[in-house]
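The values are calculated or read from the model by the stated rules, or taken from the named source; none is laboratory data. A quick note: this is a predicted structure, and the numbers were derived from the prediction, not measured. Note that we place each Cβ from the backbone using ideal geometry, even for glycine, and neighbour counts take in every protein chain shown. Keep in mind that these areas ignore ligands, DNA and RNA; they rest on the heavy atoms of the full protein, side chains included. Shrake-Rupley method; radii C 1.70, N 1.55, O 1.52, S 1.80 Å.
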Amino acid sequence: MEDCVFCKMFTGEVETRKVYEGRDVIGVVDTFPMFGQGQCVVMHRRHVAQFYDLEDEELTQLFVGVKAVARKIREAFGATHVSVYSRGMRISNHSHILVYPSTGEGPMDKIMGGIVDILAVRGVSPTLLDEIAEKIRTA
């Protein structure tokens, strides 16, 4: 797609700071990180909207790249955890996975910690969990 910034990264039309390169996958330092320093974007060459639109082999390639970038981030930043995020709204026309260090100190760590605390107190009934599981299984 001629207007897709990610496609232009693969062709070299847009400058990137590559940290990983596989057969059809690249990982680059995110120039507009949402979750903090060290955030990277891992993407497959094929132009699809969401990661689940990729073929199984392509998806495998993508997540091999995610794993490699996550390990590099863990080492580079001494992160206790490395998180991944995929929503597809910032660049909605090309599937990508955000990979970022998580030390328990960043803004997203605090937000997620608060959400987990709220959900732990609230709980979900076994009946509702059964309904949710059945809805997903039969979709």
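Sort out which residues of region 1-23 are under 14 Å from His94 (Cα atoms), open to solvent by 40 Å² or more (accessible area, probe 1.4 Å) and under 18 Å from the mean Cα position of the chain (by Cα), and write them in order of number. Listed by number, the list holds a single entry, Val5. Taking the criterion of being at negative phi, without any contact (Cβ under 8 Å) to a residue 12 or more places away in the chain and not in a strand (DSSP E or B), the residues of region 4-26 that qualify are Lys8, Thr11, Glu13, Val14, Glu15.
Of all residues in region 68-84, those satisfying the criterion of being open to solvent by 70 Å² or more (accessible area, probe 1.4 Å) and either farther than 16 Å from Gly22 by Cβ or out of contact with any strand residue (DSSP E or B) (no Cβ under 9 Å at 6 or more places or on another chain) (or both) are Arg74, Glu75, Ala76, Phe77, Thr80, His81, Val84.
Taking region 87-100 as the region of interest, how many residues are at pLDDT below 90 and either more than 17 Å from Val48 (Cα to Cα) or of a type outside the set (Val, Ile, Thr) (or both)? The number of residues fulfilling the criteria is 8.
So how many residues does region 27-54 have that are free of Cβ contacts under 8 Å to residues at least 60 places away in the same chain and more than 19 Å from Glu75 (Cβ to Cβ)? Of the residues in that region, 14 qualify. The set of residues in region 34-44 that are under 15 Å from Val69 (Cα atoms) and either open to solvent by 30 Å² or more (accessible area, probe 1.4 Å) or in a helix (DSSP H, G or I) (or both) contains only Gln37.
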